[in-house]
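The values are calculated or read from the model by the stated rules, or taken from the named source; none is laboratory data. All figures in this text were calculated on a predicted structure; none of them were measured in a lab. Glycine also receives a Cβ, built like all others from the backbone with ideal geometry; neighbour counts cover every protein chain displayed. When the accessible area is computed, the model is the full protein with side chains, heavy atoms only, and any ligands, DNA or RNA have been set aside. Shrake-Rupley method; radii C 1.70, N 1.55, O 1.52, S 1.80 Å.
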Amino acid sequence: MEAPPVTVMPVTGGTINMMEYLLQGSVLDQALDSLLHRLRGLCDNMEPETFTDHELVYLLKGQQGNPFILRARRSLSHPTAPWHLRYLGQPEVGDKSRHALVRNCVDVATSHSLPEFLNEMGFRMDHEFVANGHIFRKGAMKVVVTKLSRILVPGNTENIERLSLSYLVELSVLAPAGQDTVSEDMRSFAEQLKPLVHLEKIDPSKQRH
Amino acid sequence: MQREEKQLEASVESLISRVAYVKNALHSFIYKLENEYDRLTWPSVLDNFALLSGQLNTINKLLKNEKTPSYRSQVIIPLLLSPDRDDDLAKLTEQRVPVFSHEIVPDYLRTKPDPEVEEQEKQLSAEAARIGPEVAQKQIQTLNKLCSGLLEKLNNPRDEREAESSALRQNKPSFNPADTNALVGAVAFGKGLSKCRPPGPVAPGLPGQGPLMSGGPTLQQVTIGGGSGQQPSMGGPVSQQQGQPGKMPSSIKTNIKSASGSMHPYNR
């Protein structure tokens, strides 16, 4: 298995220097059907896809600075599918000319021994959750409508409790750094989902406390 | 007799000129459709349709006019058929009918529908004869029902639309900004999500864990000394949790301190 990046510096160079452009919003449970209906109309014509994932967030804390975070995800509906390891960089939200949040992003598919490997590396799990929902695509854009559930007994993904009465809605595009035109496309797409959902550039650090 | 003939002639003249107008209009419309389709606008297409429909209406009026003699009672008899090419005829018909022969005359002078139309009609009547009168009645009823339903909808579109939009307005908002923030915080930092405990026996119950944890310990909670190589032997994970006496699993080898204490259990 490939070693995950262990520096806090953004990964640069090569083909892995991809940025994730992100807009977020939410929709109440009772409006979910209208949203799915609209997404089916707006997005690429494909079979509706659903997913149920278990995400574990691992931390590696150095002596100074922010902890290094890796996200491991596995599909509960497809247990034989590879695990998915993801690194997300610090979000850039300050730039007013950009309509979306931009952050460094590295995705790796891994074998099932990922949790043990991360533990050996010194990573420790910070929290976990179950995410299930629907996924849509429109060109390079990805729309994910997710219900988040907290896990009541650690490790038991059967015993869960939903986090809120809303679904999280995320519109994202993976693009090489500097391709800011994608954020324009995302904004016009987000316009079409109003007033059902307001997709916005949300600075996560403001939700921290 | 003389007068009637004159009347007929005059009406045929005017009919020919009207038909010529329609033909010209059709001609220019087809030309536009074929050659200027890329810059043809919808309003101008509608204009062309309106022109055609107006001209057809005039012809209809002309035919229904009292002064127009009934063409139905006029008989046309082909007097001479010839297999040879007739230039005058070709010129008159714009090269469409070059020969006045026994082959084409029955088709051009026929008073019944075109052969293809006749064929279709035959099929339809065969079809109609095949299904029983009961089935036919049923189909008629269904069609009538559909038509009246459609008509009703078309006649009251405004009422329905208004009802719909007012229903939309009455609806509560489809999203809640507070939920958005909570969810974003949850995926970004695990805010409101269960915190992981050290492996081993888990404290039973843990009621009210969610609210307890939300807004409490965040990512800074877990502190480990790994990676620095300072603990070669048993270092392992050291989880540090906020002081919640009674809820902490006690049987495991962890160094538990209150969050207000030092973040790093191993002095450096």
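Data for the structure
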item: Interatomic Cα distance distribution for chain A, bins of 10 angstrom, percent; result: 8, 31, 38, 20, 3, 0
item: Computed [θ] at 222 nm, helices only, for chain A once each DSSP H run of length n ≥ 4 contributes -39500 (n - 2.57); result: -4500 deg cm²/dmol
item: Accessible area of region B:76-131 divided out per residue, in Å², using a probe of 1.4 angstrom; result: 89
item: Square roots of five times the Cα gyration tensor eigenvalues for region A:104-208, Å; result: 29, 20, 13
item: Computed accessible area, A:Met18, all protein chains, 1.4 angstrom probe, square angstrom; result: 60
item: Kirkwood-type radius of region B:1-74, with distances r between different C-alpha atoms, in Å; result: 14.1
item: As computed over region B:76-131, the Cα convex hull volume per residue (Å³); result: 93
item: Solvent exposure ordering (accessible area, 1.4 Å, most first) of A:Phe129, A:Phe51; result: A:Phe51, A:Phe129
item: Area accessible to solvent at A:Arg38, 1.4 Å probe radius, in Å²; result: 80
item: Inter-centroid distance (Cα atoms) of region B:14-69 relative to region A:75-118, Å; result: 65
item: Ranked packing of B:13-19, A:97-103, A:182-188, most packed first, by mean Cβ within 10 Å; result: A:97-103, A:182-188, B:13-19
item: Tail fraction, Cα-Cα pairs, region B:1-138, threshold 19 Å, whole percent; result: 73
item: Shielding by partners - mean other protein chain Cβ count within 10 Å, residues of A:65-71; result: 2
item: Portion, in percent, of the accessible area of region A:164-209 that falls on carbon or sulfur, probe 1.4 Å; result: 50
item: Amide H contacts under 5 Å for B:Phe175, placed H, 5+ residues apart; result: A:Leu28
item: 1.4 Å probe accessible area per residue over chain A, in Å²; result: 49
item: Estimated buried accessible area (total), pair A and B, 1.4 Å, Å² to nearest 100; result: 3700
item: Relative packing of A:164-170, B:103-109, which averages over residues the other C-beta atoms within 10 Å, highest first; result: A:164-170, B:103-109
item: Dimensionless Rg/Rh of region A:161-209 - Kirkwood Rh, Rg from C-alpha atoms; result: 1.03
item: Largest to smallest accessible area among A:Cys43, B:Cys147 [probe 1.4 Å]; result: B:Cys147, A:Cys43
item: Ranked order, B:Tyr71, B:Tyr21 - accessible area, probe 1.4 Å, largest first; result: B:Tyr21, B:Tyr71
item: Peptide A:147-154, shielding by other chains (average Cβ, 10 Å cutoff); result: 5
item: Per-residue SASA entry for B:Val45, accessible area with 1.4 Å probe, Å² rounded to 10; result: 20
